[in-house]
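Okay, structure first, notes after.
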Ligand code: ATP
């Protein structure tokens, strides 16, 4: 049982707050992804769980036991980092076996079987005699994975493990990590700033910004019901369109934009909608403005219009043809709109 609890965990250096009051229970066997921009506190959170960093405040429990005072090696968790940290003089077999040797001393015990099983899981069984220098980046990363697997830990902590791989290898290794975590049924906490990785891997995603948890939810919840404008603009590609304006009697208005029936109370509000949820119509749409940019994506055409200082993107049919500067009418169905408080950025409703 490796439920991991963070109870009001904070990390401060002097007056700087790296992680602010992180409070979450990660279920046994859950795949949790910490997502956010550079410097938001993902790695610090992970390092506190691992025992590499002491929390300034709060308590961490693994399997119900407080671990604040336990050394990293006594926490029974395995870490995989973006730098593989393999021993260059040891071959693949010895690298994978290394944590078992540290644990059991020189006794070979059942090391052989464990190394074979772990290496087979990451499809490295044919490379056991090679040194790290004779492997590709993806193969090295898989050695690091096998070295984590072989320990049969209570939990995996992975910090941007794919960031040194090229795009194609990243996709295949991503699938392999998800599969392994499922097969091994081990609680996994995974750090990334890549939203696609987060959406494809996670049972739940924690979105962080400036040390503060912004939202915790399934990938679908985070995408469909972002808690605030930060999450709305961080998740999705292109980012959600966010238009600042005013609501009066339930109707939203901003530059070249009138959307009726959005609800909310009167005052400053931000209207949000995704590029794929809006469409270009012949006339009568709620946004009417000249085309600022037009991108052919192959399966679709992305057009953008400028409303004051804000760029609004709409994904339209691949057969759409127009020139930059032509005025388009954009239909934004009220039911697909998101409404956020104009001051706090918090979701309304
Ligand atoms: P990245 O994606 O760039 O790795 P991150 O979200 O993992 O970013 P952290 O490494 O957790 O971010 O850092 C969070 C904040 O704490 C950053 O602003 C960082 O500069 C700061 N920080 C980290 N370690 C220290 C330290 N030892 N002393 C002071 N500030 C630190």
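Quick notes
- Converting the Cα gyration tensor eigenvalues of segment 24-104 into ellipsoid dimensions via √(5λ) gives semi-axes, longest first, of 26, 17, 13 Å.
- For segment 238-341, the fraction of alpha-carbon pairs in successive 5 Å shells from zero, as %: 3, 14, 26, 26, 17, 9, 4, 2, 0
- Summary value for segment 182-226: 25 percent relative contact order, contacts being C-alpha pairs under 8 angstrom separated by 6+ residues.
- Sum of -39500 (n - 2.57) over DSSP H runs of 4+, divided by residues of the chain (222 nm, nearest 500): -7000 deg cm²/dmol
- Segment 20-98 and segment 297-349 have their alpha-carbon centroids 40 Å apart.
- Relative contact order of the chain, defined on C-alpha pairs under 8 angstrom at six or more residues apart (%): 16 percent
- Segment 226-257 versus segment 156-217: alpha-carbon centroid distance in Å: 28 Å
- As a calculated quantity, the FRET efficiency between residue 297 and residue 210 at R0 = 35 Å, using C-beta atoms, amounts to about 0.60.
- Tail beyond 38 Å, pair distance distribution of the chain (Cα, percent): 32 percent
Read-outs throughout are calculated quantities, based only on the coordinates presented, and are distinct from any laboratory measurement. Predicted model only: the values in this text are computed from it and were never measured. Note: ideal-geometry Cβ built from the backbone for every residue, glycine included; neighbour counts use all protein chains shown.
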